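Trainee: Got a structure here, written out as structure tokens. Questions coming.
The values are calculated or read from the model by the stated rules, or taken from the named source; none is laboratory data. Nothing here was measured: the structure is a model prediction, and the numbers come from that model. Please note: Cβ atoms are built from the backbone with ideal geometry, for glycine as well, and neighbour counts cover all protein chains shown. We work out accessible area using only protein heavy atoms, side chains counted, and drop any ligands, DNA or RNA first. Shrake-Rupley method; radii C 1.70, N 1.55, O 1.52, S 1.80 Å.
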Amino acid sequence: SSIILQTPHYDKVLKQCVTSLDQQVYRPWELVIIDNISHGAAMVEYLAKIRHTVVRWPHPYHPARVLSLATRYAKGDYFLFLHTDCVVDEACLIKLMNVCASRPAVGIVAPALYDEQGKNRMIGYGYNPLHELIPNHEKGDGVLNVEAVSDACMLVSKVVFERLDGFDPTFFRDYHDWDLCERAKALGFQVLVDTSAECVHYGNVTRRYVQQSLRYMDQRTFTEKHGKLVEARLV
């Protein structure tokens, strides 16, 4: 498995995430870190010493392009896309891999996402009666079919990812992950959440400074492409 970390602007946040990965039960895995114009001496020093692969992207952040680029440096049969403001449970990766191994039709699988206090749980996204794609906070447990999952933490088969030609670069900042899920389902692949796999997502650190105008453009692109509505992005 190849774990791809995006937007490592803050060394403390990145270190916290990497520490949780080092504790993973699943082996072997590799880590590819995207260095998107890192700030501060501590961050530069940390990336210079880290034993993992670092891909430089000295341009304005464009997740659809950056993440697809990073996969070229990844050697695994599965890609785990992960935000640096996430901390994964030590059994998270092995549980996600087990779902993929036991279900041939799965294309994308994600864990349950918890907030910093551990009180609120999100299990992917579903559609409301207005056919809007919204966060799913239902109390279901087990392996569940969902409409979409966030790239805050999502595992994608390399075969599926390449068949889909990766993320669509027409999305500037948002909805590239939901678009990937829609296209995977159109080819007959399942999008799943394993609620026993857990990931804590800390307060939108990686998308704090996204321009709202770009978000609205991506919302419109998603709606025009899929004929479905999406609400304002939170993660």
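Trainee: To check you understand DSSP bridge types, tell me what percent of the beta bridges within the chain (both residues inside) are antiparallel, rounded to 5.
Mentor: 45 percent
Trainee: Given an 8 Å cut-off on Cα distances and at least 6 residues of separation, report the relative contact order of the chain as a percent.
Mentor: Once normalised by length, the contact order is 23 percent.
Trainee: Further, regarding this structure: Per residue of the range 73-86, in order, report the coupling 6.51 cos²θ - 1.76 cosθ + 1.60 (Karplus, θ = phi - 60°) as ³J(HN,Hα) in whole Hz, putting x for Gly and Pro.
Mentor: 9, 8, 9, x, 7, 9, 10, 9, 7, 9, 7, 6, 8, 10
Trainee: HN-Hα J couplings of the range 41-54 from phi, Karplus 6.51/-1.76/1.60, θ = phi - 60°, integer Hz, Gly and Pro as x?
Mentor: 4, 5, 5, 4, 5, 5, 5, 5, 9, 5, 7, 8, 6, 10
Trainee: So what is the relative contact order for the range 15-118, in percent, with contacts set as C-alpha pairs under 8 Å and at least six apart?
Mentor: Details: 81 pairs, mean separation 37.1, N = 104.
Value for the range 15-118: 36 percent.
Trainee: Right, something else. What does the extension gain come out to for Lys119 and Ala42, with contour length at 0.36 nm per residue minus their alpha carbon separation?
Mentor: Values: separation 77, 0.36 × 77 = 27.72 nm, distance 3.23 nm.
Extra length from Lys119 to Ala42 when fully extended: 24.5 nm.
Trainee: Mean projection of the alpha-carbon convex hull of the range 40-81 over all orientations, in nm²?
Mentor: 3.8 nm²
Trainee: Please say if the range 1-73 is rounded, prolate or oblate, where rounded means a/c under 1.5 for a ≥ b ≥ c the square roots of the C-alpha gyration tensor eigenvalues, and otherwise the choice is prolate for a/b larger than b/c and oblate otherwise? Working shown, then result.
Mentor: Numbers: a/c = 1.97, a/b = 1.15, b/c = 1.70.
It comes out oblate by the Cα gyration axes.
Trainee: Could you pull the accessible area for Cys92 with a 1.4 Å probe, rounded to 10 Å²?
Mentor: Using a 1.4 Å probe on the heavy atoms, I get roughly 0 Å².
Trainee: Might you tell me the accessible area per residue for the range 83-181, computed with a 1.4 Å probe and given in Å²?
Mentor: 41 Å²
Trainee: If packing is taken as the mean number of other Cβ atoms within 10 Å per residue, what is the order of 16-26, 181-191, 149-159, highest first?
Mentor: Going by the mean number of other Cβ atoms within 10 Å, highest first, we get 149-159, 181-191, 16-26.
Trainee: Follow-up. Under the rule of -39500 (n - 2.57) per DSSP H run of 4 or more residues, summed and divided by the residues of the chain, what mean residue ellipticity at 222 nm is obtained, to the nearest 500 deg cm²/dmol?
Mentor: -9000 deg cm²/dmol
Trainee: If you don't mind, there's one more thing I want to ask. Give the span of the range 119-212's Cα atoms along each principal axis, as three whole-Å numbers ordered largest to smallest.
Mentor: If we take the Cα atoms of the range 119-212, the spans are 36, 34, 29 Å.
Trainee: Based on Cβ point charges of +1 for Lys and Arg and -1 for Asp and Glu, what charge dipole magnitude is obtained for the chain about its Cα centre, in debye rounded to the nearest 20? Walk me through the intermediate numbers first.
Mentor: Numbers: 26 positive and 28 negative charges, 79 e Å.
Here the size comes out at about 380 debye.
Trainee: Would you work out what percent of the accessible area of the chain, with all protein chains in place, is carbon or sulfur (probe 1.4 Å)?
Mentor: Summing carbon and sulfur atoms, their accessible area is 52 percent of the total for the chain.
Trainee: Based on the alpha-carbon gyration tensor of the chain and its eigenvalue square roots a ≥ b ≥ c, which shape applies: rounded if a/c is under 1.5, prolate if not and a/b is larger than b/c, or oblate?
Mentor: It is rounded, given that a/c, with a ≥ b ≥ c, falls under 1.5.
Trainee: Right, here's the next one. Using Cα positions and a limit of under 26 Å, work out the lysines in reach of Lys139, with same-chain residues fewer than 8 apart set aside.
Mentor: The reachable lysines, counting only those whose Cα sits under 26 Å from Lys139, are Lys95, Lys119, Lys185, Lys228.
Trainee: Spelling out what I want: for every residue of the range 120-127, take phi, set θ = phi - 60°, compute 6.51 cos²θ - 1.76 cosθ + 1.60 (Karplus), and round to whole Hz; glycine and proline get x.
Mentor: For the range 120-127, the Karplus-derived couplings read 9, 10, 10, 10, x, 10, x, 10 Hz, x marking Gly and Pro.
Trainee: Here's a follow-up. At 1.4 Å probe size, what's the solvent-accessible area of Trp57? Round to the nearest 10 Å².
Mentor: Counting only protein heavy atoms, Trp57 exposes about 40 Å² to solvent.
Trainee: Shape verdict for the range 10-148, please, from the Cα gyration tensor: rounded (a/c under 1.5), prolate (a/b greater than b/c) or oblate.
Mentor: Cα axes put the range 10-148 in the prolate bin.
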